[in-house]
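**Q** Before I ask anything, let me first share the structure, which is written out below as structure tokens.
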Amino acid sequence: MDPKDRPSRATEAFFGRRRGKTMRPQQAAALESGFGVYRLDLAAEPPADLQTLFQTDVSAVRLEIGFGGGEHLLHRATEAPSIGFIGVEPFVNGMAKMMMAVREKPLANLRVYDDDATRLLDWLPQASLGGLDLLYPDPWPKKKHWKRRFVSPVNLERFARVLKPGSKFRFASDIDTYVNWTLLHCRAHGAFAWQACEAADWHRPYDGWPGTRYEAKAIREGRRPAYLTFIRK
């Protein structure tokens with residue numbers, strides 16, 4: 001994507017802190033060695049075919065933005081070795097946890113990126129993704145921070161550009177205001193069709209859903225998760 005054609009970026013990041021607890025030496029070592037194998041280099045030109053990014057033959061490529069501790073991403077990449085997965089997570093401790101996991105069980109169909117997902121979205125070729133997951137993103141609950149929510153008109157335009165027609169954008173959250181926000185923004189954008197026939201549809205986890213620690217916490221605290229699916233028109 002030509003830099004002059006890229007959407008303007010927000011002055012505030014869509015994510016919060018970058019670091020948590022001090023990493024143990026083995027975590028730091030796994031992070032350093034793992035980046036040498038799995039991290040995408042956005043200084044390089046993006047390939048015309050994203051499938052060439054992976055160490056194995058893949059039939060399609062999916063993106064997960066903000067994978068947290070990596071439970072869902074690891075599950076999906078393990079159960080579908082013929083699909084390439086790109087995971088974005090700017091929180092260093094979450095990325096270290098992922099790199100520890102793939103040091104034990106390497107995944108040839110995985111790549112990662114550890115910075116602002118909008119940079120990656122702008123780097124990717126048009127209509128190059130077979131799916132995009134945004135699962136339990138930071139809800140930024142205070143109204144003055146809503147502009148930092150990842151679902152926005154400019155980011156939905158980014159999604160629409162990189163997703164292939166007929167592919168899925170999946171959004172999960174336990175925060176009602178963010179669920180409603182996402183429904184309204186996707187409806188206003190026009191490139192996404194919400195897939196739901198009845199109320200129960202959006203409270204039913206996705207097929208093969210492994211659960212995440214964020215979801216478990218929400219349920220413990222009495223919040224009901226919602227699972228939205230939109231089709232790229």
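The values are calculated or read from the model by the stated rules, or taken from the named source; none is laboratory data. A quick note: this is a predicted structure, and the numbers were derived from the prediction, not measured. Note that we place each Cβ from the backbone using ideal geometry, even for glycine, and neighbour counts take in every protein chain shown. What goes into the accessible areas is simple: the full protein's heavy atoms, side chains included, and nothing from ligands, DNA or RNA. Shrake-Rupley method; radii C 1.70, N 1.55, O 1.52, S 1.80 Å.
**Q** Between Val154 and Arg187, how many nm apart are label points set 7 Å from Cα along the C-beta direction?
**A** 2.5
**Q** Continuing with the same structure: When only C-alpha pairs under 8 Å and at least 6 residues apart count, what is the relative contact order of the chain, in percent?
**A** 20
**Q** Assign one of three labels to region 64-137, namely rounded, prolate or oblate, based on the Cα gyration tensor with a ≥ b ≥ c the square roots of its eigenvalues; rounded applies when a/c is under 1.5, prolate when it is not and a/b is larger than b/c, and oblate otherwise.
**A** It comes out oblate by the Cα gyration axes.
**Q** Given a Förster distance of 25 Å, report the FRET efficiency between Asp116 and Gln55 from their Cβ-Cβ distance, rounded to the nearest 0.05.
**A** 0.50
**Q** Once you have the Cα-Cα distance between Trp209 and Leu42, take 0.36 nm times their residue separation minus that, and quote the gain in nm to one decimal.
**A** Full extension of this stretch gives 57.1 nm more.
**Q** Going by the alpha-carbon gyration tensor, a ≥ b ≥ c the square roots of its eigenvalues, is region 104-162 rounded (a/c under 1.5) or, if a/c is not under 1.5, prolate (a/b greater than b/c) versus oblate?
**A** The shape class here is oblate.
**Q** Using a 1.4 angstrom probe, figure out how much accessible area the chain has per residue, in square angstrom, rounded to the nearest whole.
**A** 51
**Q** Report, to the nearest whole %, how much of the accessible area of region 175-229 belongs to carbon and sulfur atoms, 1.4 Å probe, protein only.
**A** Using a 1.4 Å probe with all protein chains present, region 175-229 comes out at 53 percent carbon and sulfur.
**Q** Stretched out fully, how many nm does the piece from Lys143 to Asn180 gain, at 0.36 nm a residue minus the Cα gap?
**A** 11.9 nm
**Q** Suppose the chain between Ile231 and Trp194 were pulled fully straight at 0.36 nm per residue; how much longer would it get relative to their current alpha carbon spacing?
**A** The Ile231-Trp194 span can extend by a further 12.7 nm.
**Q** Taking all protein chains as present, what is the carbon and sulfur share of the accessible area of region 39-83, in % to the nearest whole number, probe 1.4 Å?
**A** Carbon with sulfur: 51 percent of the solvent-accessible area.
**Q** Let me ask something additional. Students often check this: by mean Cβ neighbours within 10 Å, which of 68-74, 210-216 ranks highest, and how do the rest follow?
**A** 68-74, 210-216
**Q** Can you give the calculated 222 nm mean residue ellipticity of the chain, where each DSSP H run of n ≥ 4 adds -39,500 (n - 2.57) and the sum is split over every residue, rounded to the nearest 500 deg cm²/dmol?
**A** Calculated mean residue ellipticity at 222 nm is -9500 deg cm²/dmol.
**Q** If a/c stays under 1.5 just call it rounded; otherwise compare a/b with b/c (prolate if a/b is bigger, oblate if not). Do that for the chain, with a ≥ b ≥ c from the square roots of the Cα gyration tensor eigenvalues.
**A** Rounded.
**Q** What size of dipole, in debye to the nearest 20, comes out for the chain about its Cα centre when the only charges are +1 on Lys and Arg C-beta atoms and -1 on Asp and Glu C-beta atoms?
**A** Result for the chain is approximately 820 debye, rounded to the nearest 20.
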